[in-house]
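Q: Take this structure first; my questions come after.
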Amino acid sequence: MADQTARCRARRAVLEARARRAERAKRRNAPGLEVAAALAERDAVTAACEARAGQPLVKLTDQEGLGFAEAIEWCGAESLTARESASLCHSARWRSEPWRARVAPAVRGRGRSRGNVEVMADARSCR
């Protein structure tokens, strides 16, 4: 009889602990989703701005034949580095439709690592 009472108390304690954990999970879920949504929004805005900044760099390097250093100087962006300008150029090219059409089959057809190498090679030709 004493064993049965102890078992009942133990079961009740376990159920109460589970209920507390479920309640805590509910409370934490909403703020966690808000953080994830805000970060996703930030990433989307950042990517769009980088592509927008990269488009003129692509024009300066491809159409005008300038190197990154000259293009940066022409833009008057003293804080922009060659590495960052290459990244912006890559972002602009990736978001443009012809670029995607050229790269996407390579990524799908030959495997991810092979496609990434090709993407990086094309990004370097952006200079």
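The values are calculated or read from the model by the stated rules, or taken from the named source; none is laboratory data. As the structure is a computational prediction, the values presented were derived from the model and not from experiment. Counting neighbours? That spans all protein chains shown, and the Cβs are built from the backbone with ideal geometry, glycine included.
Q: Determine which member of the set 73, 84, 78 is more than 17 Å from residue 51 (Cα to Cα), charged (D, E, K, R), part of a helix (DSSP H, G or I) and modelled with pLDDT of 50 or more.
A: Only one candidate qualifies: 73.
Q: Take the stretch 41-94 and flag every residue that is acidic (Asp, Glu) and buried (at least 18 other Cβ atoms within 10 Å of the Cβ).
A: Narrowing the stretch 41-94 to residues acidic (Asp, Glu): 41, 43, 50, 62, 64, 70, 73, 78, 84.
Hit for the stretch 41-94 is 50, nothing else.
Q: Let me ask something else about it. Please count how many residues of the stretch 33-48 are at pLDDT below 90 and over 17 Å from residue 83 (Cα atoms). Write out each step before concluding.
A: Here is the first cut: in the stretch 33-48, the residues at pLDDT below 90 are 47-48.
In the following step, the residues that additionally are over 17 Å from residue 83 (Cα atoms) were identified as 48.
Summing the residues that are at pLDDT below 90 and over 17 Å from residue 83 (Cα atoms) in the stretch 33-48 gives 1.
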